[in-house]
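Chemist: Attaching a single structure in structure tokens format; questions to follow.
The values are calculated or read from the model by the stated rules, or taken from the named source; none is laboratory data. Treat the numbers as computed from the prediction; the structure is a model and nothing was measured. Positions of Cβ are generated from backbone atoms using ideal geometry, with glycine treated the same way; all protein chains shown enter the neighbour counts. In case anyone asks, the SASA skips ligands and DNA or RNA and just uses the protein heavy atoms, side chains included. Shrake-Rupley method; radii C 1.70, N 1.55, O 1.52, S 1.80 Å.
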Amino acid sequence: MSRRLPLAVLAALALTTPVARALPPTPLTEYSTSPNVRLLTNVPTGVGVGGKFSGGYYFQTTARAGGYGTPDGVSDGGLWVFDVKNPESPQLAAHLPLPIWQNEDVDLSAKRKVLLISADRRRPAAQTPTAPGVLFVYDIAEPTRPVLKSAFPLPAEVTDASGAAVGGAGHVANCILDCRYAYVTGARHGQLLVVDLADLAAPKVLGYVKTPAGTTTKAFPSSTHDVHTDKYGNVWVAGSGGTAMYAPIKDPLKPKLLAATTAADNRRTNHLIHHNTMRLDKTTVLIGEEAFNGCGADEPAAHDDPQGGRFQTWRIDLKAKRLVPLDLFQKVIPGVSSCSNHWFDLNASKVVADAFYAGGVRFLDVRNPRNIRQVGWFRASDGAAGQAQYVPGRPDLVYVSDYLRGLDVIKIDAGGKNAKPAAEGDDAVARVPAAKIEFRPSEDFGYACPVPVL
């Protein structure tokens, strides 16, 4: 059944009135890099979660800091739009307050000019019922003036196989068939929520899709995490049960499973949850693992050693309907006790830019998927890199959404092409000035939702 938030709430969420205070400056004063990587600029947007490029603009989402255990006021959440005609110096074009505690990624359709942001379900206090997740649907036909078409409440709870009530979806919303539909992850019964977006102003729940990627394991209860459509049209689902590959979608409620990780391989390669995927070529897929039980391990490392989340390469065996692990990247990083693979991207030279939380950004050469080589890195002294994404047409330029720093723009020489393996160390240290953006309070939300002065 379709449900909508009251119009007053929609109006408040859509508020874009420029409203005065300075966002707290980025606390960082030092960072370390390999010799071939440098920081170009930092924009302190707050708790930087993730973003996407489209039509000369970069759309970044941030989360309300209070949900991450940091003081409210440091970041109040929202959608940021940057003009990136000169991508080395992004220019703020718009900001919409959106005080949500988490929105793990943002997805969009350049064809339909639709952008999706999902907010997780949340239980503010033990004695209160679970607040539902919300799917925010924006029209970005005019990128500098995104229009909120709907704020669609998602089911707060679902029923698992035992009949128990468990948390509903909302973690990540992914476009299917150019945002004609959305797959929403995070429900604790391991299934994908399917939402019909034919009418952007009135989304509808169509049902759920069961997937082996959402299987319960010792490490994590049933949950899907991310859905990705690759350059061949195949759809990938990552989650507690590992990763599953599907044929190009025809009926969103009946996707055709082509291959998946085995339970045995999942135990060896998944200490918490498979996070996200990206296709390398016709026979290989890149998979990220999220886990926070360490940061690398000295060789020889047993599969159950606390290694943190690892970046992985897998061979696609369609005949056997399985994915076969090829190599796993882990790195002992000086001064870092816990790190994890998170959102990553791939450039034309087959160099991955991988956000590794406190481990910074790792540049990984995957031309030989059986031998992942680190060819560069950028690590902030106080950073938590959540997503790394190459600028379209610029294999040497990466936008990094950082949970502590907002937005970093970093450059790797020649996009890492033919770069030599980069040893780790703290010998390359630079100091950077704190960037500032002026804010003033919104008329309705006050300092709960400060808006930058444009």
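Chemist: Quick one: which residue in Arg310, Arg322, Arg315 is open to solvent by less than 20 Å² (accessible area, probe 1.4 Å), at pLDDT 95 or above and basic (Lys, Arg)?
Modeler: Arg310
Chemist: Residue check: is Pro252 part of a loop (DSSP other than H, G, I, E, B), open to solvent by less than 50 Å² (accessible area, probe 1.4 Å) and either in contact with a helix residue (DSSP H, G or I) (Cβ under 6 Å, 6 or more places away or on another chain) or at negative phi (or both)?
Modeler: On the way: part of a loop (DSSP other than H, G, I, E, B): yes; open to solvent by less than 50 Å² (accessible area, probe 1.4 Å): yes; either in contact with a helix residue (DSSP H, G or I) (Cβ under 6 Å, 6 or more places away or on another chain) or at negative phi (or both): yes.
Answer is yes for this residue.
Chemist: The conditions are (1) modelled with pLDDT of 95 or more; (2) part of a loop (DSSP other than H, G, I, E, B); (3) crowded, with 17+ Cβ neighbours inside 10 Å; (4) not polar (S, T, N, Q), and His171 fails exactly one of them. Which is it?
Modeler: (1)
Chemist: Quickly run through the range 141-168 and pick out the residues that are within 24 Å of Ser54 (Cα to Cα), of a type in the set (A, V, I, L, M, F, W, C) and open to solvent by 10 Å² or more (accessible area, probe 1.4 Å).
Modeler: Start the filter on the range 141-168 by keeping residues that are within 24 Å of Ser54 (Cα to Cα), which leaves 141-152.
So of that shortlist, the ones also of a type in the set (A, V, I, L, M, F, W, C) come out as 141, 147-148, 151-152.
Result: Ala141, Val147, Leu148.
Chemist: Can I ask one more? Could you count how many residues in the range 196-244 are touching a Lys or Arg at 6+ places or on another chain (Cβ under 9 Å), part of a strand (DSSP E or B) and open to solvent by less than 20 Å² (accessible area, probe 1.4 Å)?
Modeler: So the answer is 2.
Chemist: Taking the conditions exactly as written (modelled with pLDDT of 95 or more, among the aliphatic types (A, V, I, L, M) and within 30 Å of Pro44 (Cα to Cα)), does Leu98 satisfy them or not?
Modeler: No; evaluated as a whole, the condition is false for this residue.
Chemist: Among the strands (runs of 3 or more DSSP E) confined wholly to the range 341-412, which include 1 or more residues that are in contact with a helix residue (DSSP H, G or I) (Cβ under 7 Å, 6 or more places away or on another chain)?
Modeler: Fully inside the range 341-412 and qualifying: 351-355, 361-365, 373-380, 394-402.
Chemist: Please go through the range 412-441 and pick out each residue that is modelled with pLDDT of 95 or more and either out of contact with any strand residue (DSSP E or B) (no Cβ under 6 Å at 6 or more places or on another chain) or surrounded by fewer than 17 Cβ atoms within 10 Å (Cβ to Cβ) (or both).
Modeler: Passing the criteria: Asp413, Ala414, Lys417.
Chemist: Can we say Thr269 is surrounded by fewer than 22 Cβ atoms within 10 Å (Cβ to Cβ) and either at positive phi or in contact with a Lys or Arg (Cβ under 7 Å, 6 or more places away or on another chain) (or both)?
Modeler: So Thr269 does not fit the description; no.
Chemist: Continuing with the same structure: Just need a number here: residues in the range 178-188 that are open to solvent by 10 Å² or more (accessible area, probe 1.4 Å) and touching a Lys or Arg at 6+ places or on another chain (Cβ under 9 Å).
Modeler: 2
Chemist: I want to confirm something. Restricting to the range 278-306 and keeping residues that are in a strand (DSSP E or B) and open to solvent by 10 Å² or more (accessible area, probe 1.4 Å), which single residue is nearest to Ser337 (Cα to Cα)?
Modeler: We begin by selecting, within the range 278-306, every residue in a strand (DSSP E or B); these are 278-281, 284-290.
If we keep only those that are open to solvent by 10 Å² or more (accessible area, probe 1.4 Å) too, we end up with 278-279, 281, 290.
Numbers: Met278: 27, Arg279: 30, Asp281: 33, Glu290: 15 Å.
Here the answer is Glu290.
Chemist: Write out, first by first residue and then by second, each pair whose Cβ atoms fall under 9 Å of each other, whose residues are 6+ apart or on separate chains, and whose first residue, in the range 189-204, is under 18 Å from Ile117 (Cβ atoms) while the second is among the acidic types (Asp, Glu).
Modeler: Leu200/Asp139; Pro203/Asp196
Chemist: Now, a different point. Return the residue satisfying two criteria in turn: it lies in the range 342-371 and is open to solvent by less than 10 Å² (accessible area, probe 1.4 Å) and of a type in the set (A, V, I, L, M), and of such residues it is farthest from Asp402 (Cα to Cα).
Modeler: Once the filter is applied, the top-ranked residue is Val366.
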